[in-house]
1. Test of understanding: what is the full-extension gain from Arg25 to Leu61, defined as 0.36 nm times their sequence separation minus their Cα-Cα distance?
2. Using modelled backbone amide H atoms (1.01 Å from N, in-plane), which distant-in-sequence or interchain residues come within less than 5 Å of Val19's amide H?
3. Give a residue-ordered list of calculated ³J(HN,Hα) values for segment 18-24 (Karplus: 6.51 cos²θ - 1.76 cosθ + 1.60, θ = phi - 60°; whole Hz; x for Gly, Pro).
4. Taking 7 Å along the Cα-to-C-beta vector as the label spot, tell me the Ala37-Lys4 distance in nanometres, rounded to one decimal.
5. Which whole number of Å³ per residue matches the convex hull of the alpha-carbon atoms in the chain?
6. From Cα pairs below 8 angstrom and at least 6 apart in sequence, can you work out the relative contact order of segment 3-64, rounded to a whole percent?
7. Read phi for every residue in segment 42-50 and hand back ³J(HN,Hα) as whole Hz from Karplus 6.51 cos²θ - 1.76 cosθ + 1.60, θ = phi - 60°, with x for Gly and Pro.
Amino acid sequence: MRDKPLTESLARLVRWGLVERERHRESPPRVTYGLTALGWTMHDGPLTALAAWAVEHGDELLRGEGEPVADP
């Protein structure tokens, strides 16, 4: 991922309250990101469920990779 899209995505997550940004005043300058309490609710809820689904159905998804998509 290029710097600009990554920066924009992180800024959006900060605005939404899912991620917090900490600026470290050191040389060279450094910034770290971490999940907020709200962000952890996504990790512990829907993202954990999505990961479990992917483990259960991942082989099916991989088998279909590269096949042409039929028109609806």
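Only the coordinates and a few stated rules stand behind these numbers; no lab work does. Keep in mind the model is a prediction, meaning the values are calculated, not measured. FYI the Cβ positions are ideal-geometry reconstructions off the backbone, even for glycines, and counts take in every protein chain you see.
1. Gain in length upon complete extension: 8.5 nm.
2. Long-range HN contacts for Val19: Val14, Thr36.
3. 8, 9, 10, 10, 10, 9, 9
4. My value for the distance between the label points is 3.8 nm.
5. Given the Cα convex hull of the chain, per-residue volume reads 183 Å³.
6. In percent, rounded to a whole number, it is 21.
7. 5, 4, 7, x, x, 5, 5, 5, 5
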